[in-house]
Amino acid sequence: MAHEEENNPEEGNAGSQSISEGVAAARAEIARRAEIRSGVKKPVAKESTNGIPGGQTLKMFLLKLVFGLVLLVLIGYFFLQALAGTINVGINSANADLNGKEVSVALYNGDVANLLTDGDPSNDPEPAEVHKCTVGQRTTFNLHDFGSHTLMATLANEDDGPASCDPYVVTAWGLDMGTTLYMN
């Protein structure tokens, strides 16, 4: 007989499985009785009569849906604005007298090159950002929106002369870019 028991190890596993199942059932019964004694009831989702989850009204469901979509669009908008990229601008000049001079580099929103070069300073737009650097160095602008931007560099000190560069238009599509402006 002992030999038969050794050849049927499945009966031993079956016994351990039934013990595990019995222990699990006993624990579940103890938990159920404790729950009944404490008076705590598990929350149960309401049955849906109109196909909307949680048994809520259609008006409330649509309100939550619209609010969620508006929130998603706003988060996406601000997230994408942060991804507009940067532009690294270098200032160089073939004129050795300008090397080391302080320069103001202005970043304008949109393509405003025509307004900056038309000779009428009264219609020139205000720059979105202005950075100071010296000829031969680089400066970096963090772009806050996609689309066209115009760069223009002029000498910071008017006593140094009328040197400037032609406006340069770049288009931001979420990438970090680099360009070099050449002073006249």
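None of the figures in this text is laboratory data; all of them are computed from the coordinates on show. Predicted, not measured: the structure shown is a model, and the values here were computed from it. Cβ atoms come from the backbone with ideal geometry, glycine included; neighbour counts cover every protein chain shown.
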Inset, instruction - Quickly rank 129-135, 105-111, 27-33 as a protection proxy: mean count of other C-beta atoms within 10 Å, highest first. - result: 105-111, 129-135, 27-33
Inset, instruction - Work out the FRET efficiency for residue 146 and residue 115 from their Cβ-Cβ distance, taking R0 = 22 Å, and round it to the nearest 0.05. - result: 0.60
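Rounded to a whole number of µm²/s, how large is the Stokes-Einstein D of the range 100-183 at 10 °C and 1.306 mPa s, given Rh as the Kirkwood radius over C-alpha pairs?
Values: Rh = 13.4 Å.
In µm²/s, the coefficient rounds to 119.
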Inset, instruction - Work from the charge dipole of the range 98-160 (Cβ charges, +1 for Lys and Arg, -1 for Asp and Glu, about the Cα centre) and give the residue of 139, 128, 114 farthest towards its positive end. - result: 139
Legend entry - Inter-label distance for residue 156 and residue 24, nm, one decimal - labels placed 7 Å from Cα along Cα-to-Cβ: 7.4
